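Written below as structure tokens is the structure these notes are about.
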Amino acid sequence: MTKVMTRTKRNSGTRPPGRHDTRRPAGTTPRSTPGRETPGSSPRSENTASGGRAPRHRAPARGPLRTPPQPRPTDLFADLLLAVLSGQRPVHSMLRHTAGRAYDELAWLAERGPLRTRGTRPVIRDVGYEVPRPGAIEAFARIGAGDQLRAMAFRLEKGQDLRWRCTAVELGGTRMPHRHDN
């Protein structure tokens with residue numbers, strides 16, 4: 001009588017089929033101890049020209065690590081300005097990001113709370129920009145809050161320390177009155 005096995009014979013000390021080690025990266029083969037075969041391998045058939053040893057399996061080579069794309073300064077400043085003008089951040093958080101009269105303009109605008117809404121939080125829908133000269137960017141942002149759509153314009157200039165700073169801010173035509181010193 002011939003006995004037929006319906007299950008493969010497991011060696012003691014190996015994992016059951018279908019169980020995977022989550023700590024091991026995908027694509028690597030399980031380690032084997034010398035003198036012990038792993039299921040599906042035969043050391044005799046894997047002889048190579050390198051002295052009769054079985055070839056080592058290595059993890060697939062990984063390419064160079066890619067850094068995520070850096071956001072544009074226009075996008076960063078639009079987010080910062082929106083947070084201040086909607087009351088989510090204090091005005092003084094923009095001190096190091098502004099130059100010249102821009103901080104005063106921003107404080108004047110934030111005092112009036114032009115983007116503070118009840119219910120819906122304002123979001124930036126679109127940001128566009130123009131480069132009038134190297135080291136300067138004039139940008140605009142469309143800000144939506146519910147059914148309302150507002151416009152914000154700002155100017156960025158790159159300083160000698162190569163950091164971008166906001167030098168002017170306007171919101172939907174609202175401008176800070178100029179003071180004339182005599």
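The values are calculated or read from the model by the stated rules, or taken from the named source; none is laboratory data. Everything quoted here is computed from the prediction, not taken from an experiment. Reconstructed Cβ throughout: ideal geometry from the backbone, glycine too, with neighbour counts over all protein chains shown. Accessible surface areas use protein heavy atoms only, side chains included; no ligands, DNA or RNA. Shrake-Rupley method; radii C 1.70, N 1.55, O 1.52, S 1.80 Å.
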Looking across region 73-96 at residues that are modelled with pLDDT of 90 or more and open to solvent by 70 Å² or more (accessible area, probe 1.4 Å), the single one that is nearest to the chain's Cα centre (by Cα) is L76
When region 133-145 is checked residue by residue, the ones that are over 20 Å from V84 (Cβ atoms) and not aliphatic (A, V, I, L, M) are R133, P134, G135
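Residues are listed down the side, and each one gets a yes or a no for (1) in contact (Cβ under 8 Å) with a residue 24 or more places away in the chain; (2) in contact with a Pro (Cβ under 8 Å, 6 or more places away or on another chain); (3) surrounded by fewer than 17 Cβ atoms within 10 Å (Cβ to Cβ):
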{"residue": "A102", "(1), (2), (3)": "yes, no, no"}
{"residue": "R116", "(1), (2), (3)": "yes, no, yes"}
{"residue": "R121", "(1), (2), (3)": "yes, no, yes"}
{"residue": "D126", "(1), (2), (3)": "no, no, yes"}
{"residue": "A139", "(1), (2), (3)": "yes, no, no"}
{"residue": "L149", "(1), (2), (3)": "yes, no, yes"}
{"residue": "F154", "(1), (2), (3)": "yes, no, no"}
